[in-house]
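Before any comments, here is the structure.
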Amino acid sequence: MPTTSAGSRGTDPFEQARHAGRELTRLTGVARHDVLVVLGTGLGRVATLLGAEGQPIDLTALPWFARFTGVGHRPEAWSIPIGGVQALVMAGRLHLYEGLTPVEVVHPVRTALATGCRTVILTCSAGAISPDLSVGDVVLIGDHLNLTATSPLSGVPAEHAAGTPFVDLGDVWSPRLRALAREADPRLSEQVYAHVLGPNLETPAEIRMLAAAGADLVGMSTVPEAIASRHLGAEVLGMAVVTNPAAGTSAQSFSLDDVADAAAGAAERVARIVRSVVEQLDPVDAPGARP
Ligand code: HPA
């Protein structure tokens, strides 16, 4: 088993992901996955609602996976048939605030893409900046602001076989998948998600700045995975549960437990939307593993 960490100099993170993908394929016994679903804070029960049964795959057993230290993020995955497609559901994710590099953060997603996934559904919790949003709302990510000053594509050579890092993000949040989600749940609105590094929460001045910059929501995840997925040609859907008013927009403070509880309250709605979108995917959306 190789011991270098993802993204360390002299190693190719795409080759590492292919290696981890082969191991994941071996452990699941499933030749190809079509759709990756990543569950955010407090949304672990969505896996069960989607049909997860039995022992999960231990993601930390796969090469180059970092330790999952985020509260409520378990390094577990299930392979679940939904409709005509095979979903890989991860019950947790990695974050930049865990002290990881962007390459380490997106290694699970790149690994899933190496098993064949062509569609990626990312879920997360977020704080509300827009006064139109309330705790418990589920919204689609329509666009984002990457305020982390970094990218998982940093350092990828312009001529890399995986594709140019100068990838067009104009449609990173797939209009087609957003339309499918709205068909499933017409109450879904589309919001702009600001990705901040964390782990500290925002100051009142930062929230005013984010609002002025056009952000409706703020969170500490999801955007690196979306960028890495789009770079490899996958279609991406993002869904956020509003778990709290952003710090500085309300006199009330909140804890991580409040965030997880609010997200858990939306698990059934999130699972229904995910299932419906996945069931509407034509098998041609998932033509198989990339070479
Ligand atoms: N700020 C940043 N990230 C978050 C928040 C927040 O208020 N809520 C959930 N994730």
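The values are calculated or read from the model by the stated rules, or taken from the named source; none is laboratory data. Because the structure is a prediction, the values reported are computed rather than measured. Backbone-built Cβ (ideal geometry, glycine too); neighbour counts: all protein chains shown.
Of note:
- L36 vs. criteria within 16 Å of the ligand (Cβ to nearest atom) and within 29 Å of Q280 (Cα to Cα): no
- Verdict on G99 being without any contact (Cβ under 8 Å) to a residue 12 or more places away in the chain and either surrounded by fewer than 24 Cβ atoms within 10 Å (Cβ to Cβ) or touching a His at 6+ places or on another chain (Cβ under 7 Å) (or both): yes
- Test for V196: is it modelled with pLDDT of 95 or more and either within 19 Å of A263 (Cβ to Cβ) or of a type in the set (A, V, I, L, M) (or both): yes
- Matching entry among A271, A246, A213, A267 (being within 14 Å of the ligand (Cβ to nearest atom) and not polar (S, T, N, Q)): A246
Conditions (1) under 24 Å from H73 (Cα atoms); (2) of a type in the set (F, W, Y); (3) at pLDDT 95 or above, marked per residue:
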| position | (1), (2), (3) |
| --- | --- |
| M209 | no, no, yes |
| A212 | no, no, yes |
| I227 | yes, no, yes |
| H231 | no, no, yes |
| E235 | yes, no, yes |
| A240 | yes, no, yes |
| N244 | yes, no, no |
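- Test: residue in the stretch 221-240 that is within 16 Å of the ligand (Cβ to nearest atom), aliphatic (A, V, I, L, M), in contact with a helix residue (DSSP H, G or I) (Cβ under 9 Å, 6 or more places away or on another chain) and not in a helix (DSSP H, G or I): yes
- Of all residues making up the stretch 48-74, the number that are in contact with a Pro (Cβ under 8 Å, 6 or more places away or on another chain) and either hydrophobic (A, V, I, L, M, F, W, C) or buried (at least 22 other Cβ atoms within 10 Å of the Cβ) (or both): 4
- Scanning the stretch 115-135 for residues that are away from the ligand (no atom under 13 Å from the Cβ), in contact with a strand residue (DSSP E or B) (Cβ under 7 Å, 6 or more places away or on another chain) and of a type in the set (G, A, S) yields a total of 1.
- Test: T69 is among the hydroxyl-bearing types (S, T, Y), assigned to a loop (DSSP other than H, G, I, E, B), in contact with an Asp or Glu (Cβ under 9 Å, 6 or more places away or on another chain) and touching a residue at least 12 places away in the same chain (Cβ under 8 Å): yes
- Hits in the stretch 167-208 (condition: within 16 Å of the ligand (Cβ to nearest atom), part of a loop (DSSP other than H, G, I, E, B), without any contact (Cβ under 8 Å) to a residue 60 or more places away in the chain and surrounded by 12 or more Cβ atoms within 10 Å (Cβ to Cβ)): V196
Results for (1) in contact with a Lys or Arg (Cβ under 9 Å, 6 or more places away or on another chain); (2) modelled with pLDDT of 95 or more; (3) among the basic types (K, R), shown as yes or no for each residue.
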{"position": "T4", "(1), (2), (3)": "no, no, no"}
{"position": "S8", "(1), (2), (3)": "no, no, no"}
{"position": "T25", "(1), (2), (3)": "yes, yes, no"}
{"position": "V30", "(1), (2), (3)": "no, no, no"}
{"position": "D34", "(1), (2), (3)": "yes, yes, no"}
{"position": "V37", "(1), (2), (3)": "no, yes, no"}
{"position": "G44", "(1), (2), (3)": "yes, no, no"}
{"position": "T48", "(1), (2), (3)": "no, yes, no"}
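- V106 meets all of the listed conditions (1) within 30 Å of L27 (Cα to Cα); (2) more than 17 Å from the chain's Cα centre (by Cα) but one, namely (2).
- Only one entry in T164, T148 is at pLDDT below 95 and either away from the ligand (no atom under 16 Å from the Cβ) or part of a loop (DSSP other than H, G, I, E, B) (or both), namely T164.
- Unmet requirement for A31, which otherwise passes all of (1) touching a strand residue (DSSP E or B) at 6+ places or on another chain (Cβ under 6 Å); (2) outside any helix (DSSP H, G or I); (3) more than 16 Å from the ligand (Cβ to nearest atom): (1)
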